[in-house]
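Nothing in this text is a laboratory measurement; each read-out follows from the coordinates by a stated rule. Only a predicted model underlies this, so the values are computations on that prediction, with no experimental measurement involved. Positions of Cβ are backbone-derived with ideal geometry, glycine not excepted, and every protein chain shown enters the neighbour counts.
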Amino acid sequence: MTRTRVLIVDDQALVRMGFTMVLDAQDDLEVVGEAADGTAAIAQVRALTPDVVLMDVRMPGMNGIEATARVAAEHPECRVLVLTTFDLDEYAFEALRAGASGFLLKDARPDELVSAIRAVAAGDAVVAPRVTRRLLDMYATRLPRADEPGPTPGDPRLADLTPRELDVLRAVARGMSNGEIADELVVAEATVKTHVGRILAKLGVRDRVQAVIVAYQAGLAGP
């Protein structure tokens, strides 16, 4: 069995220990290292090549946002799950914009932690789509609105998308899962998954979270 390699980044030793105990109990997950700040995290990613990084956003020195941006830019194959205390955390939002694949609450249940890591490792980056949507709604003032001057649905980033792919992207931006999109569009869930894969490839983004941000920036979706 190929095990998913996980790096845990948090400035609190007890938090790192707790996550390690949960993950090491899983046959398909392996904690390959720990770091207490962003600078150490970047060094560990380079040295250990983890598949997934659990990244705290609030740390002394280099915070998790800057570290996430560095990891996303230098190691696009590595997925970052940011850790936050509150589900409406501006730091978590900024980390998503920096390239994180999703975020997880620090008080998540062990099964939620394990499921989140497995989902990200498998490429299904949205861990909690409706919470991610709330984050985008709360801080949408930082993004262009569809009724304001600037990027519009004619944004060149969307030029290669088919009408059906635009429909799927709008639904993704509303925080809908593949199953919910399939029900709304009356198609098979496998078809939605194929559309999502093509959308990500055409937009040149790594995952659904980044696709949602593009949709907001391009004016295709808004609060």
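In plain terms, the chain from T39 to R118 could stretch by 25.9 nm, reckoned as 0.36 nm per residue minus the Cα-Cα distance.
So, counting K/R as plus one and D/E as minus one, what does the shell of residues with Cβ under 14 Å around T191 add up to? Charge balance in the 14 Å sphere: -3.
Relative to its residue count, segment 145-217 spans a Cα convex hull of 83 Å³ per residue. Placing dummy labels 7 Å off each Cα toward the beta-carbon, the span from M62 to K193 is 3.6 nm.
Taking the centroid of alpha carbons for each part, segment 164-208 and segment 20-88 are 27 Å apart. For V186 and R3, the difference between the fully extended length at 0.36 nm per residue and the C-alpha to C-alpha distance is 62.3 nm.
Compute the whole-percent fraction of alpha carbon pairs in segment 4-127 spaced more than 20 Å apart. Everything past 20 Å amounts to 31 percent.
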